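Report on the following structure.
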Amino acid sequence: MRKKEFLLIIVFAMCIWMIYGCARTTTKPAGVDLGPAKKKLGKDERMEWWREARFGMFIHWGLYAVPAGEWKGEKIPKIGEWIMENADIPVAEYEKLAEQFNPVKFDAEQWVQIAKNAGMKYIVITSKHHDGFCLWDSKVTDYDIMDATPFKRDILKELSEACAKQGIRFCFYHSIMDWHHPDAQAPFYPNYNDKTRSNPNFQRYVDTYLKPQIKELVINYGPLGVLWFDGEWVKDWTEPMGRDMYNYVRSLQPDIIINNRVGKGRKGMRPSGQDEEPAGDFGTPEQRIPATGLPGADWETCMTMNDTWGFKSYDHHWKSTKDLLHKLADIASKGGNFLLNVGPTAEGLIPAPSVERLEAMGAWMKVNGESIYGTTASPIGKLPWGRCTAKPGKLYLHVFDWPENGKLQVPNLQNKVKKAYLLADEEHSELTVKSQDEGKVIIVPKEAPDKINTVIVLEIKSK
Ligand code: FHN
């Protein structure tokens, strides 16, 4: 073979190799490049940002915001996002709501700013609630915001980018129960919420729909802070399936945090006789604050601001700012997180009463956030006039009921107090502390500096 022909063959072979090599690198799956698989963090490392955060925004948003609690002229009772179940709406009728879902006033930056200004550190939004409608551009269904609505924008992509820009952790709620999918609950109409019957095709729903959608959400919208499962109570979903899902999600993003509703860990859901730890990283008491928290466990109370998660046009039963701030301190004093809900309208607006309360909470957090973020449960038990949160070497006394006689009694505290002052004004407010019986007495100003919750800091010697 002549030299020239040999060289031509070499050059040709190199061209083929380069074309193949280039094709391989450009066909990697689309989405956020999570970089090399991160090392598996220990649980404490994984939970660190979450335990520091203490306060997050829950967002329930979907097609149910269109009827907003009314159906065919009737007010439908109970929580708004359950209208498909509570008004016995057939799938074919309910899915027509997608044609009306056009939230032209939606502004991801604005929503994230509202959460950030409130002092919230993470946002958990319903990617898919029980009604099965998907708020992102899913490749495994057209029952989503991109294909079924006139809006045709990927809400979750916009929110994910706004959160990244503003340093807020982006998290998803995802319902295991699905009232729209024929292999899940849809055939049980009109009782989509049936907990006694099985769908013979449920495993197919899990394998070809639920898991592929979870993968889309984790790979394309991550890195995520938390995957917040719900709707785990259906008969066909088991603790072993929850454990498998937990491991699957962690294989996609090792440092993600997952709640206990991935399996049957929620109070009242656990099959009897199951003694091993349920799957999930934290407990999820709902609409309630456990009297003594969940000692030894990470936990988060989720709560509505009125009486519904999803928007209802006539639910004006708003909790006061005072009540919400007291709940925040109460939860933190028991070592928990507070996931406070907003239910945006079909136009894409967070209701004004919610915004007002969040602004007021943010004003308090701006001054007193140190007494919430990264704190642990009170080491001195319950207090008649308020709550206590702690950090190493510091106690934060949250005084709801200001003493009329200018003397704040602090029982069960024998540590030496090195310094006491108002958190709002450390420089000019040192307070006198006297020992008395089994505790301390702090001499405080006549008037409460903050009518809702004044925080006094005690710098104490050792444990
Ligand atoms: O059925 C849902 C309900 O709609 C809402 O999403 C709450 C929020 O935690 N979770 C379920 C009820 O436990």
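Screening the candidates LYS157, LYS152, LYS128 for the property of being of a type in the set (Lys, Arg), within 16 Å of the ligand (Cβ to nearest atom) and within 19 Å of ASN220 (Cβ to Cβ) yields one hit, LYS128.
Is the range 303-313 home to any residue that is assigned to a strand (DSSP E or B), within 14 Å of the ligand (Cβ to nearest atom), within 30 Å of TRP237 (Cβ to Cβ) and at pLDDT 95 or above? Reasoning before the result, please.
Step one: list which residues in the range 303-313 are assigned to a strand (DSSP E or B), which gives 303.
Among the residues that remain, those that are also within 14 Å of the ligand (Cβ to nearest atom) are: 303.
Subsequent filtering for residues that are within 30 Å of TRP237 (Cβ to Cβ) retains 303.
Retained after the next criterion (residues that are at pLDDT 95 or above): 303.
Yes, that holds for at least one residue.
Applying a threshold of 6 Å to beta carbon distances and a minimum spacing of six or more residues, or different chains, the list of pairs starting in the range 243-272 at a residue that is over 20 Å from LEU294 (Cβ atoms) and ending at one that is surrounded by fewer than 16 Cβ atoms within 10 Å (Cβ to Cβ) and not acidic (Asp, Glu) reads PRO254/LYS38; PRO254/LYS40; ASP255/LYS38; ASP255/LEU41. Scan the range 369-392 and tell me whether some residue there is touching a strand residue (DSSP E or B) at 6+ places or on another chain (Cβ under 6 Å), assigned to a helix (DSSP H, G or I) and either of a type in the set (Gly, Ala, Ser) or not assigned by TED's automatic domain parsing to the domain that holds ILE59 (or both). Scanning the range 369-392, I find at least one residue that is touching a strand residue (DSSP E or B) at 6+ places or on another chain (Cβ under 6 Å), assigned to a helix (DSSP H, G or I) and either of a type in the set (Gly, Ala, Ser) or not assigned by TED's automatic domain parsing to the domain that holds ILE59 (or both), so the answer is yes.
Matching residues to (1) surrounded by fewer than 20 Cβ atoms within 10 Å (Cβ to Cβ); (2) more than 24 Å from LEU324 (Cα to Cα); (3) not polar (S, T, N, Q):
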residue: GLN409; (1), (2), (3): yes, yes, no
residue: ASN412; (1), (2), (3): yes, yes, no
residue: LEU422; (1), (2), (3): no, no, yes
residue: VAL441; (1), (2), (3): yes, yes, yes
residue: GLU447; (1), (2), (3): yes, no, yes
residue: LYS451; (1), (2), (3): yes, no, yes
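Listed conditions (1) in a loop (DSSP other than H, G, I, E, B); (2) of a type in the set (Gly, Ala, Ser); (3) closer than 22 Å to TYR122 by Cα are all met by ALA68, apart from (3). Exactly one residue out of LEU349, LEU339, LEU358 is within 16 Å of the ligand (Cβ to nearest atom), touching a residue at least 60 places away in the same chain (Cβ under 8 Å) and among the aliphatic types (A, V, I, L, M), and it is LEU339. Condition check for LEU423 on (1) within 23 Å of THR304 (Cβ to Cβ); (2) touching a residue at least 40 places away in the same chain (Cβ under 8 Å): one failure, at (1).
I'm trying to understand the selection: among the residues of the range 421-460, which are assigned to a loop (DSSP other than H, G, I, E, B) and of a type in the set (Val, Ile, Thr)? Write out each step before concluding.
We begin by selecting, within the range 421-460, every residue assigned to a loop (DSSP other than H, G, I, E, B); these are 429-431, 437-438, 444-453.
Result: VAL444, ILE452.
Of the residues making up the range 187-221, those that are in contact (Cβ under 8 Å) with a residue 40 or more places away in the chain and either in contact with a strand residue (DSSP E or B) (Cβ under 8 Å, 6 or more places away or on another chain) or of a type in the set (Val, Ile, Thr) (or both) are THR208, GLN213, ILE214, LEU217, ILE219, TYR221.
For ASP401, the conditions (1) in contact (Cβ under 8 Å) with a residue 40 or more places away in the chain; (2) not in a strand (DSSP E or B) are fulfilled apart from (1). The residues in the range 160-181 that are within 16 Å of the ligand (Cβ to nearest atom) and not in a strand (DSSP E or B) can be counted, and the count is 5. In the range 152-177, the residues that are assigned by TED's automatic domain parsing to the domain that holds CYS134 and closer than 13 Å to PHE58 by Cα reach residues that are among the polar types (S, T, N, Q) and outside any helix (DSSP H, G or I) with C-beta atoms within less than 6 angstrom, at least six apart or across chains, in these pairs: PHE172/SER127; TYR173/THR126; HIS174/SER127.
Residues checked against (1) surrounded by 24 or more Cβ atoms within 10 Å (Cβ to Cβ); (2) closer than 16 Å to ALA162 by Cα:
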{"residue": "GLU99", "(1), (2)": "no, no"}
{"residue": "PRO103", "(1), (2)": "no, no"}
{"residue": "ILE114", "(1), (2)": "no, yes"}
{"residue": "ASN117", "(1), (2)": "no, yes"}
{"residue": "MET120", "(1), (2)": "yes, yes"}
{"residue": "ASP137", "(1), (2)": "no, no"}
{"residue": "TYR143", "(1), (2)": "no, no"}
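Specify which of the listed residues (GLU85, GLU95) is out of contact with any Phe, Trp or Tyr (no Cβ under 6 Å at 6 or more places or on another chain) and not in a loop (DSSP other than H, G, I, E, B). Reasoning before the result, please.
On the way: GLU85 fails: out of contact with any Phe, Trp or Tyr (no Cβ under 6 Å at 6 or more places or on another chain).
None of the other options fit; the residue is GLU95.
Screening the candidates LEU324, LEU339 for the property of being under 23 Å from TRP49 (Cα atoms), among the aliphatic types (A, V, I, L, M) and in a helix (DSSP H, G or I) yields one hit, LEU324. Selection of the range 322-334 for residues being buried (at least 18 other Cβ atoms within 10 Å of the Cβ), more than 16 Å from the ligand (Cβ to nearest atom) and not basic (Lys, Arg) yields LEU324, LEU325, HIS326, LEU328, ALA329, ASP330, ALA332, SER333.
Could you count how many residues in the range 182-209 are under 24 Å from ASP88 (Cα atoms) and either among the aromatic types (Phe, Trp, Tyr) or surrounded by 22 or more Cβ atoms within 10 Å (Cβ to Cβ) (or both)? Write out each step before concluding.
Initial filter on the range 182-209 (under 24 Å from ASP88 (Cα atoms)): 182-202, 205.
When the remaining residues are screened for being either among the aromatic types (Phe, Trp, Tyr) or surrounded by 22 or more Cβ atoms within 10 Å (Cβ to Cβ) (or both), the result is 184-185, 188-189, 192, 202, 205.
Count: 7.
The values are calculated or read from the model by the stated rules, or taken from the named source; none is laboratory data. Just so we're clear, the structure is a prediction, and the values are computed from it rather than from any experiment. With ideal geometry, Cβ positions are generated from the backbone for all residues, glycine too; neighbour counts draw on all protein chains shown.
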